[in-house]
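Single-structure report; data block below.
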Amino acid sequence: MIEHIVTTITRHSANPAGSMLMGCALAFGISLSAAEGARAEDLRVGFIAPMTGLFGQVGKDMVNGFEMYTEEVKGDFAGASVKFILEDDQAKPPVAVLKAEKLIRQDKVHILVGGLLASTGYALAPVSTRDKVVYIPSVSSADDMTQRESAKYPYVARTGWTSSQPSHPFGEWACEQGYKRIVAIGADYAFGYEVVGGFQKAFEDCGGKIIQKIWPPLGTIDFGPFIPTIKQDADAIFTVMVGPMSLQLPKQLAAAGNKKPVIGGGTSYDEFVLPSMGDDVVGHVSPLQYSAALDSPKNAAFVKKYREKHGKVPSYYSESNYTTAQWIHEAMKKTGGKWSGAEEFVRTMASIKVDAVRGPVSLDDMMNPIQNIYIKKVEKKKMFGYDKDELWNTVIKTYTNVDQFWKYGKDAFLKQPVYSRDYPPCKYCE
Amino acid sequence: MASTMRSQRKIWAVVAVLAVLGLLAPHTNAFVILLITRALVLAILAMSLDILLGFTGLASLGQAAYLGVGAYLTAILGTKFQFGLGWSFLPVILLGILAGGATAALFGLVAVRAAGVYFLMITLALGQCVWGLAYRWNSMTGGDNGINLPGRPALAIDLADDVTYFYVVFVLFVASLLLLHVLVKSPFGRSLEGIRERELRMRILGYNTWLHKYLAFIIAGAFGGLAGVLWAHANGHVSPEDVVLTTSVDALLMVVLGGAGTLVGGALGAGVVVFLREYLSTLVPWWQYILGGVYVLTILYLPGGLMSISARSLLRAATSALGRAKNIDVH
């Protein structure tokens, strides 16, 4: 690159405007050569997460998880030294695309990791195809990225989840509880549709009925207009909230005198929001691939260490990125610390079964994790030797090795359209 | 006579800068060329807004709407109809311009009746309508997920190459600049300036000021639509986030930063904003303060924008420095 710039300068110096051009070339050029210093055995990881704006704190959880692992192994992945480059996407897909291009073109990263929102993942996946770079969505959970559109993205290997993955077993669990009629309240965007859709599909297949779907806009804080419309003959309420919404709805439901059981998607009660919640969420149940209250020695150590370092309990955002770093490390071990190329690396990742904090995980043939789904109930109790009563997501049932297609099988599942506002249709809504 | 001399010198300066840009851009790195391309696209948007803000005196907060219309049109035609991926890209450019103009013609019926803050509010509301459509019309726009384009068009040459695409955008930018320059120098452009200075007088003189403003609004929308088409292919992705209020505010800031009523000022502002934001943000985490500081300082000390640091003021500074030097010599 440096030679290139020098030739550019010398070529232009011949003409009268040479000095001016040289100045410009230098202005552009100085920062261009930054990536050149990297040694061959480096593994450059570009990490994309929101660092500013509404989702900035969630982004910090993501980064903390990844960095905790790399620090544990002192940045040494089987001989390759990890270079971690963080870019802030402000939780905006167009910004994420540009930052990904910067990471790929300027920093020459081998692997892109991250993306919080489902929409960010959808925007980043084509970049990985275009530039032939591995992309690991560690949190972004858009269903179709590893389902109907997975063929378009040969360099994508997901370490997180699909939005509807925990919803399927949860639908079955809801049937077992004897719930017959449920009202769903979901944030009005793709993630909300997919979580509700998966739940509705599984719940109705075992005899339940979704009798109403309410879609408050993403970011709703005041649920006053929505709560009174909830049908009174429902057995339970299923919610899909994210971020600040998660804090408000349970509070306002309780204030409105709700006596119905409340259950919800994983993000309604994940450990990012749980510590800020009041006692009115005790007893609420939700499914996810991770709970900080998971009773395993591995998780106990993880929670304690993370809490000591960052002063808070790890959320699934942290765990997912910790596991992602671990997964990359395991893959590098297979190749003896050598970068094997994007295609080969994804194949190596798919061949590994990782013993992660959340439990055993491996990839299915469409590059989505097969993992345990935990049904968790919010309880106020002491855990891991901490001396205060706190809210924890106690695991009450474990569905082992759940894949994204659940019991439907890949072919049958992929025949149906992706879950949306209108699919599955609300047959029992009056 | 002196003023034509000065404007001629200005034109030559712009031509020289453009020539340097056209020659130099391919030699930058693969990321910087993306930024230059984006800056040029936003420059078209900013110049279109300058027609309203700088020349007609109408501050619009809805210019992102036309960018959105052009971008979504390109993306929907490309993904749903596979149209616009070969030679059909040329009609798509035309369609984008027409769609932007048509949207503006519709919005203008509501907006142009108002002035000042009311105009600002109405254009803001109309812009939000387009955002609402992009966000909620899932079957057409993909909602929150947006649309991934299947790739850049391949005409006689394949635009997938970033340098090639840069030149396409560059040529269209220069063409837009030229057209808008001719427009503002025409009698029509002069009457727009008259409206900006004192609308009542223009009306008394017999000008149909509503029609003038309405046409300016449509022209601005049409160029916004063009920017949208180019934007869609620059990113390969269209998202409601592109149409959000911030984009309109950005366009407004670009014009104010560069200098309203100068056309090239908007382009300059676009370049400064894109580089400060997209490039600086990769270097330092506190880039927002710098961007904010630049805005505040410009508005405080350069109310005419960056373009008011003209050759004249530089010249004055130089002569005064020279004068001081001479004085020293005398003693």
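A few notes on this one:
- Angle between chain A longest axis and helix A:190-205 axis [Cα atoms, degrees, rounded to 10]: 40
- Taking a straight Cα-Cα cut-off under 24 Å and skipping sequence neighbours fewer than 8 places away in the same chain, the lysines within cross-link reach of A:LYS60 are A:LYS74, A:LYS83, A:LYS92, A:LYS99, A:LYS102, A:LYS108, A:LYS298, A:LYS304, A:LYS305, A:LYS309, A:LYS312.
- Acute angle (nearest 10 degrees) that the helix A:118-131 long axis makes with the longest principal axis of chain A, alpha-carbon atoms: 30
- Once the C-beta distance of A:LYS260 and B:ASP161 is scaled by a Förster radius of 60 Å, the resulting FRET efficiency is 0.50 to the nearest 0.05.
- Taking the longest Cα principal axis of chain A as reference, the axis of helix A:316-334 is set at about 50 degrees.
- Average 1/r across all pairs of distinct alpha carbons in the range A:315-429, invert it, and you get the Kirkwood radius: 17.3 Å.
- Computed [θ] at 222 nm, deg cm²/dmol, chain B (DSSP H ≥ 4; -39,500 (n - 2.57); rounded to nearest 500): -24000 deg cm²/dmol
- Placing dummy labels 7 Å off each Cα toward the beta-carbon, the span from A:PHE226 to B:ASN208 is 5.0 nm.
- Largest mean-square fluctuation among B:GLY271, B:GLY259, B:GLY146, in a Gaussian network model of chain B whose springs join Cα atoms under 10 Å apart, belongs to B:GLY146.
- Relative contact order %, chain A, counting alpha carbon pairs below 8 Å whose residues are six or more apart: 16
- Cβ-based net charge around B:GLY142, under 13 Å, with every Lys or Arg adding one and every Asp or Glu removing one: -2
- Euclidean distance of C-alpha centroids, the range A:206-221 and the range B:236-299, integer Å: 39
- Mean residue ellipticity at 222 nm, helices only, chain A: -11500 deg cm²/dmol; runs of at least 4 DSSP H residues each add -39,500 (n - 2.57), and the sum is divided by the number of residues.
- Of the DSSP H helices in chain B, those with a Cα length along their own long axis of 24 Å or more and a mean Kyte-Doolittle hydropathy reaching 0.0 comprise B:2-24, B:32-50, B:89-111, B:116-136, B:162-185, B:209-235, B:311-330.
- Estimated FRET transfer efficiency when R0 is 30 angstrom, pair B:LEU297-B:LYS10 (beta carbons, to 0.05): 0.80
- The range A:49-90: relative contact order in percent, alpha carbon pairs under 8 Å with at least 6 residues between: 53
- Separation between Cα centres of the range B:80-123 and the range A:250-314, rounded to whole Å: 47
- Sequence-ordered 3J(HN,Hα) estimates for the range A:279-294 from the Karplus curve with 6.51, -1.76 and 1.60 and θ = phi - 60° stand at 5, 5, 8, 4, x, 6, 10, 8, x, 6, 7, 8, 9, 5, 8, 4 Hz, glycine and proline given as x.
- Of A:ASP76, A:ASP270, A:ASP107, A:ASP233, the sequence from fewest to most neighbouring Cβ atoms within 10 angstrom is A:ASP233, A:ASP76, A:ASP107, A:ASP270.
- The value of relative contact order for chain B, using C-alpha pairs under 8 Å at least six residues apart, is 31 percent.
- Average projection, convex hull of the Cα set of chain B: 20.5 square nanometres.
- Across the range A:82-97, computed HN-Hα scalar couplings (Karplus, 6.51 cos²θ - 1.76 cosθ + 1.60, θ = phi - 60°) run 7, 10, 9, 10, 9, 10, 8, 9, 6, 6, 10, x, x, 5, 4, 4 Hz from first to last residue, x flagging Gly and Pro.
- Where labels lie 7 Å past Cα in the beta-carbon direction, separation of B:THR319 and B:LEU23 in nm: 3.1
- Among the trypsin sites (Lys or Arg not before Pro) within the range A:119-151, those in coil by DSSP and having at most 14 neighbouring Cβ atoms inside 10 Å are A:LYS132.
- Pair-distance distribution of the protein assembly as shown: all C-alpha pairs, bin width 10 Å, starting at 0; shares per bin in whole percent are 3, 13, 21, 23, 18, 12, 6, 2, 1, 0, 0.
- Between A:ILE352 and A:GLN416, the simple spin-label model (points 7 angstrom out along Cα→Cβ) gives 3.4 nm.
Quick note: the coordinates plus some simple rules give every number you see, no bench work behind them. Values in this document were obtained by computation on a predicted structure and should not be read as measured data. We place every Cβ from the backbone using ideal geometry, glycine too, and count neighbours over all the protein chains shown.
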